[in-house]
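Notes follow once the structure below has been shown.
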Amino acid sequence: PVQVRVPAIGLVVLVGITGSGKSTFARAHFKPTEVVSSDFCRGLVADDENDQSATTDAFDVLEYIVGTRLRRGLLTVVDATNVQPAARASLVRLARSHDVLVDAIVLDVPEAVAAERNRERPDRDFRSHVVARQHRDLKRSLGRVRKEGFRRVHVLHGVDEIAAAEITRER
Ligand code: GTP
Ligand code: MG
């Protein structure tokens, strides 16, 4: 197994392109209420998890929920692509403002794997250029994410490492 040690109280930021398996990973390793996803928040404010025009409002709601949970001392996992530095920076700031640790878990899967999975999904119709752009952003991120204020950055390379991951909550 690949050990992933996360803070028992704090923030865990998932990072991965669409189709990389973030929501699946979150479901496998965390309680449903511990996971706050951008899709869920888009649904809350737009009745449509794919409505990209609702993104700003959705992230306001997401940050509000996450901030409230952190203030209450609850482990919280953010399920959003977070392939852009600005998205990660907001979440690092949010954790800091609540004096809690923040780790990142990067799901680094080949673009072709994610694209193939997305083709099978009824709930997604991302064009391939979207996945390609996200993948470019992710690869760029790998070189800088360790300097962004995360306590630890766990990078899981490929589907095998992701499948072998075991989460430990540190006290
Ligand atoms: P977005 O929400 O679009 O950003 O994607 P995501 O990163 O949350 O991916 P999600 O977990 O929804 O997985 C996408 C598709 O890949 C789903 O159909 C999953 O069932 C499938 N999938 C996810 N993880 C795995 C895996 O480890 N193995 C296999 N075979 N399929 C997986
Ligand atoms: Mg998802």
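Derivation of every value follows stated rules applied to the coordinates shown; laboratory data play no part. Being a predicted model, the structure only gives us computed values, none of them experimental. Heads up, the Cβs are rebuilt from the backbone with ideal geometry, glycines too, and the neighbour counts pull from every protein chain shown.
Being surrounded by 16 or more Cβ atoms within 10 Å (Cβ to Cβ) and either under 24 Å from Glu49 (Cβ atoms) or not aromatic (Phe, Trp, Tyr) (or both) is the requirement here; does Leu142 meet it?
So Leu142 does not fit the description; no.
I'd like the full set of residues that are in contact with a Ser or Thr (Cβ under 9 Å, 6 or more places away or on another chain) and within 8 Å of ligand 1 (Cβ to nearest atom), limited to segment 15-25.
Gly16, Ile17, Thr18, Ser20, Lys22, Ser23 - these are the residues of segment 15-25 that are in contact with a Ser or Thr (Cβ under 9 Å, 6 or more places away or on another chain) and within 8 Å of ligand 1 (Cβ to nearest atom).
Every residue in segment 16-34 that is within 13 Å of ligand 2 (Cβ to nearest atom) and either within 15 Å of Arg151 (Cα to Cα) or hydroxyl-bearing (Ser, Thr, Tyr) (or both), please.
Matches in segment 16-34: Thr18, Ser20, Ser23, Thr24.
Can you pull out every residue in segment 45-69 that is among the aromatic types (Phe, Trp, Tyr) and either part of a loop (DSSP other than H, G, I, E, B) or within 16 Å of ligand 1 (Cβ to nearest atom) (or both)?
Phe59
Can you pull out the residues in segment 70-118 that are assigned to a helix (DSSP H, G or I), within 16 Å of ligand 1 (Cβ to nearest atom) and of a type in the set (D, E, K, R)?
Selection gives Arg88, Glu111, Glu116, Arg117.
Say whether the condition of being polar (S, T, N, Q), free of Cβ contacts under 8 Å to residues at least 60 places away in the same chain and not in a strand (DSSP E or B) is met by at least one residue in segment 135-147.
no
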